[in-house]
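Report on one structure; see the data block that follows.
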Number of protein chains: 2
Amino acid sequence: MNANYVRIFDTTLRDGEQSPGATLTSAEKLEIARSLARLGVDIIEAGFPAASPDDLEAVRRIAIEVGNPPSGSSELSQPVPVICGLARANKADIDAAWEAVKHAAHPRIHTFLATSPIHMRYKLRMDPEEVVERVRETVAHAHSYCEDVEFSPEDAGRSEPEFLYLVLGEAIKAGATTLNIPDTVGYTTPDEFGRLIAGIMEHTPGIEKAIVSVHCHDDLGLATANTLAGIQAGARQVEVTINGIGERAGNTSLEEVVMTLHTRRAAFNLEYGIDTTQIARVSRMVSNYTGIPVAPNKAVVGANAFAHEAGIHQDGMLKNQMTYEIMRPETVGLSRSQLVLGKHSGRHALRVHLQELGYELNDQDLFTAFERFKELADKKKTVTDADLEALIEDQAFQSEEVYSLDGLQVACGTMGMPTATVRLRGPDGALRIQAAIGTGPVDATYKAIDSIVGVPSQLLEFNVHAVTEGIDAIGEVTVRLMAENGSSIKRTSPQSGQVQKRTFGGYGADTDIIVASAKAYLSALNKLMTYRSRHAVEAAAQD
Amino acid sequence: MNANYVRIFDTTLRDGEQSPGATLTSAEKLEIARSLARLGVDIIEAGFPAASPDDLEAVRRIAIEVGNPPSGSSELSQPVPVICGLARANKADIDAAWEAVKHAAHPRIHTFLATSPIHMRYKLRMDPEEVVERVRETVAHAHSYCEDVEFSPEDAGRSEPEFLYLVLGEAIKAGATTLNIPDTVGYTTPDEFGRLIAGIMEHTPGIEKAIVSVHCHDDLGLATANTLAGIQAGARQVEVTINGIGERAGNTSLEEVVMTLHTRRAAFNLEYGIDTTQIARVSRMVSNYTGIPVAPNKAVVGANAFAHEAGIHQDGMLKNQMTYEIMRPETVGLSRSQLVLGKHSGRHALRVHLQELGYELNDQDLFTAFERFKELADKKKTVTDADLEALIEDQAFQSEEVYSLDGLQVACGTMGMPTATVRLRGPDGALRIQAAIGTGPVDATYKAIDSIVGVPSQLLEFNVHAVTEGIDAIGEVTVRLMAENGSSIKRTSPQSGQVQKRTFGGYGADTDIIVASAKAYLSALNKLMTYRSRHAVEAAAQD
């Protein structure tokens, strides 16, 4: 074991997916997991299998398909990530987690229990002795399935240090191999968090047998600094998400931590397994699938993050680059060519190009993608990689359709009677048509769709942005909605136990933003209907 | 002088405005400056007066109107911020800065010169002795105008410590009262930056007579942590921007630093003059005027930043709040009522409400706002504060019109012939009408506008988001564009000397997003045309 190697534990699919509206389908989770594996993360926390049969199934598919070497190859060519499932500290959760992750070549069970006085008293209603006993039992139970067990003392920052060392020592004795220290509410400063980790490294019995991990939240904008302080104090695993998504202000950003270790190699002198050139691509995929935009001034992955555009190597600028640039856009994968394919490009060229972008399409999907590519190339002068990504992701989002858009006609403007006519193909294959007026073209379109679909929902967010520069660009629309009478569609936070209404994100892309808006709304409604039919009793099934 | 007081130096209007596309009009700058004063910032860096006559004029107006107590009142009732202008280390820049800020009750000149070997050798082409002499001369020249002089040694992080102490000591002798230490390229870690500040506090001759300031950038996601490390090492001024906007990944966020000092009072034990309840409002205003969106997972000001909605005090949640919440939304001003005015509200109610929101409208503007409010209340069930802000800011953006939208009619959909007919009123008062087809309704609308206006431009960004929940919401559109043959519209970065093409942001709000898109595009084109007529030789005028 290399003492200077920092393990990257990505929890985009578990803690990140707890962001409001980030609900992902199993297919989307699988595709993100594949991208995370390509990025080179060491551990993928794929979900919380006890939440519902659907969550368990999503983790299971990732364990099978991403957690094993491709058939015919061995791990020597490409390392296979550990697949981890989260479990509360009880037998049923751990059984569900094992059921989901056991198919992976390297499975891990991650269990947690709060150790702070306030959490033990008010949330758990357990005394400290009971907490220690529960940790011993559940870690041992997890260890009976699996060599690789992670334990987190929740709210570690507000726990009594001596008690924390005791609990962690008992977890190690019971078989925990990774001890993860969360700053659950994003409250600590780098100094404080570094001291907390240093204290654990010094005082926990048997700590030399385990890896210490840190898990920070960004409520005060300090997640990256706290994570780095933890590493400097001896932590060798960091729990992070792509784009820093997660509940509230989110988790630590993978890209910020990795690029600090990369850019400041001499200061940290640590190693990691990430292929930094995959960062930009995974960032875009997660933003598109979750519907959570990235601000232009976001470090590393924001649109303005780099002083100079990729590929520009004007002679006189080299001196300026030394003076004003600490990272090159190429390092995070922003070096892609702008103009890639034209209207005369063939199907083989498209397939090769999509493979370079990381998309493996079957023949049917490639056929559809090619048809849509030709259609786009007729409308738009240049088809860029970003256009292709929007097109493929739009297609992926429409794949689990209940209702699909067959036709749309809209009239709007300052005369004040925006009208939309919508024709949808229903689950029975029949076409239905409705017209509606609204306060604007999107409102009119959504009202017409509502009158066909008949599922009352509330629109929470609506965003459009242009994929590329130029007025003929593809518009990407993301929406977020929840069922109006959504009493049956809820989710329970594994930590707080709070029940929240589930919200559903949708995505659509088209050169016509009203068409894209209709597709995005339909994709969110389709998700809602699919969930509703599968999980009417999900909330009730959780203890 | 209270040794525990941290001065908040806001540079949203100077370093923030250097963000790509954040170009603000003088009227917008003035309104943001008013909001910053209401927020309680100690120093407003209002601009870089030597950049152009227009920049000088914008700083001058802020110095006059925001840098003095309202007529009839004294500073005792409300403190008046210092108004600061940036100047390179030469006589002409300092003269321009003084010309702009001298009208303020408390003027400041901020000058800077690089002190790192790489910058001195390649950018300045000066040897260290020349740099020391230049600092002496220019600080003394600034001091001859003004008691309050700030000096920044650019690229301090890569400067020789001994040379840095020497330069700073000479700046103090020549009259500098604030010494600002920038991490120009966002490269340092909190440990390193804290040590840099501690070294300066210990070794700079005469440092006890000056205030040490810190100015950090967020390229590695560490700006807030570096700024706090500087404070802990003795800095008593922090240079920050609203929403952390600025070049590349931006500057330190005002809201993150202030809310850390607030939330972690016991750990820092420091005072500041900010009214935290103004934070949310200023954040929205800066986002709308600059067109730079705030990510939902942004700390403090993101849409998801708080675990619980404002005003919700369910009985059983109090315990949960103790366990999972470190800040309350009310503290940053998110407690505003949702439903505020209905269609039967009168003009007086609207005026009172707008005053509460911080808008002072003259009778003509109030008349227009009231007409538009009634129109909106007819369309939309509930008119919220966010709707009113969108409406007022839409109105403000259209105020310097060259062309205005008189009529728009759009047909689009899946039949694939999106068509727009646009009628504009030109600067001569005449109406012009054109129709165009495009790849979508926005493209068609923009092509029709282009064919009337005849100013070739390139669209760089296009974003829409819904102001409130619900499908009948107002849509806000922000665009960013630059002149296609924009050789005459450039801006020079004061630090790097790099010449960049100026880009122009536009904003529009309407329940019809195509109408809002037309307004946003026109407002950006109007800005472009206004700048072009005033500043054809701006770049040439700079040294």
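The values are calculated or read from the model by the stated rules, or taken from the named source; none is laboratory data. A quick note: this is a predicted structure, and the numbers were derived from the prediction, not measured. Methodologically, a virtual Cβ is constructed for each residue, glycine included, from the backbone with ideal geometry; neighbour enumeration extends over all protein chains shown. The protein model used for the area step is the full one, side chains on, heavy atoms only, and it has no ligands, DNA or RNA in it. Shrake-Rupley method; radii C 1.70, N 1.55, O 1.52, S 1.80 Å.
Rounded to the nearest 10 degrees, what's the angle between the helix A:190-203 long axis and the longest principal axis of chain A, both from Cα atoms, 0 to 90?
It works out to around 40 degrees.
Summing +1 for each Lys or Arg and -1 for each Asp or Glu, what net charge is found among the other residues whose Cβ lies under 10 Å from the Cβ of residue B:288?
Result for the neighbourhood of residue B:288: -4.
Please give the helix A:363-379 orientation as an angle from the longest Cα principal axis of chain A, in degrees from 0 to 90, rounded to the nearest 10.
For helix A:363-379, the angle is close to 60 degrees.
Could you tell me how far the Cα centroid of region B:120-149 sits from the Cα centroid of region A:28-51, in Å?
Taking the Cα centre of region B:120-149 as reference, the centre of region A:28-51 is 55 Å away.
Counting helices only, and only those DSSP H runs with n ≥ 4, report the 222 nm mean residue ellipticity of the protein assembly as shown as the sum of -39,500 (n - 2.57) divided by its residues, in deg cm²/dmol to the nearest 500.
Computed ellipticity for the protein assembly as shown at 222 nm equals -12000 deg cm²/dmol.
Can you compute the charge dipole magnitude of chain A about its Cα centre, using +1 on each Lys and Arg Cβ and -1 on each Asp and Glu Cβ, nothing else charged? Give it in debye, rounded to the nearest 20.
Here chain A has a charge dipole of around 720 debye.
Find the accessible area per residue for region A:5-140; the probe is 1.4 Å, ligands and nucleic acids are left out, and the unit is Å².
Normalised by residue count, the accessible surface of region A:5-140 is 33 Å².
For region A:87-160, run through the trypsin sites (Lys or Arg not before Pro) and keep only the ones in DSSP coil with at most 10 other Cβ atoms within 10 Å of their Cβ.
Answer by residue number: A:125.
Please compute the volume of the convex hull spanned by the alpha-carbon atoms of region B:389-439 and report it per residue in Å³. Kindly include the intermediate steps, with their values, before the conclusion.
On the way: hull volume 5.1 nm³, N = 51.
In region B:389-439, the Cα convex hull volume per residue is 100 Å³.
Give me P(r) over region B:156-304, computed from all C-alpha to C-alpha distances, binned every 10 Å, as integer percentages.
Binned Cα distances yield the sequence 11, 39, 33, 14, 3.
Taking N as the number of residues in the protein assembly as shown, what is its Cα Rg relative to 2.2 N^0.38 Å?
Values: Rg = 28.8 Å, N = 1086, 2.2 N^0.38 = 31.3 Å.
For the protein assembly as shown, the normalised Cα radius of gyration comes out at 0.92.
Rg to Rh ratio, chain B, alpha-carbon atoms and Kirkwood radius? Spell out each step's value before the answer.
Working: Rg = 24.3 Å, Rh = 24.7 Å.
So for chain B, dividing Rg by the Kirkwood Rh gives 0.98.
Compare B:202, B:461 by solvent-accessible area with a 1.4 Å probe and give them largest first, with all protein chains kept in place.
B:202, B:461
May I ask for the percentage of alpha-carbon pairs in region A:411-457 that lie more than 18 Å from each other? Mind dumping the intermediate values first?
Numbers: 316 of 1081 pairs.
When all Cα pairs of region A:411-457 are counted, 29 percent exceed 18 Å.
For region A:68-136, what is the convex hull (Cα atoms) projected area averaged across all directions, in square nanometres?
Details: hull surface 23.3 nm².
Across all orientations, region A:68-136 yields a mean hull projection of 5.8 nm².
On the accessible surface of chain A, probed at 1.4 Å, how many percent belong to carbon and sulfur atoms?
Reported share for carbon and sulfur atoms: 51 percent.
Nearest 100 Å², what total accessible surface is buried between chain A and chain B (probe 1.4 Å)?
The A and B chains share an interface burying roughly 7900 Å².
Any chance you could list P(r) for region A:1-154, counting all Cα-Cα pairs in 5 angstrom bins from zero, rounded to whole %?
With a bin width of 5 Å, the distribution comes to 2, 10, 18, 20, 18, 15, 9, 5, 2, 1, 0.
From the cross-link list A:380/A:527; A:102/A:173; A:91/A:123; A:501/A:527; A:519/B:380, which pairs have alpha carbons spaced over 21 Å apart?
Where the Cα-Cα span goes over 21 Å, the pairs concerned are A:380/A:527; A:102/A:173; A:519/B:380.
What is the diffusion coefficient of region B:369-469 in µm²/s, taking the Kirkwood radius over Cα pairs and the Stokes-Einstein relation at 4 °C with a viscosity of 1.567 mPa s?
My calculation gives 83 µm²/s for D.
One decimal, nm, shortest first: give the distances between the label point of residue B:206 and those of the same position in the other copies, each label point 7 Å from Cα along Cα→Cβ.
6.3
When the scattering of region B:96-161 is computed by the Debye formula from its Cα atoms alone, each counted once and equally, what is log10 I(q)/I(0) at q = 0.14, 0.17, 0.21, 0.23 Å⁻¹?
With no solvent term, the Cα-only Debye profile gives -0.47, -0.64, -0.83, -0.92.
Between 0 and 90 degrees, rounded to the nearest ten: what's the tilt of helix B:279-290 against the longest Cα principal axis of chain B?
Between helix and principal axis, roughly 70 degrees.
Would you mind listing the distances between the residue B:2 label point and the same position in each other copy? Use 7 Å along Cα-to-C-beta, nm, one decimal, shortest first.
For residue B:2, the inter-copy label distances come out at 5.2 nm.
How far is the Cα center of region B:210-261 from the Cα center of region A:150-217, in Å?
Here the two parts' Cα centres lie 29 Å apart.
Could you work out the Kirkwood radius for region B:1-92, taking every pair of different alpha carbons, averaging 1/r and inverting it, reported in Å?
13.9 Å is the Kirkwood radius here.
Taking all pairs of distinct Cα atoms, average 1/r, flip it, and tell me the Kirkwood hydrodynamic radius of region A:102-231 in Å to one decimal place.
When all Cα pairs of region A:102-231 are included, the Kirkwood radius is 14.8 Å.
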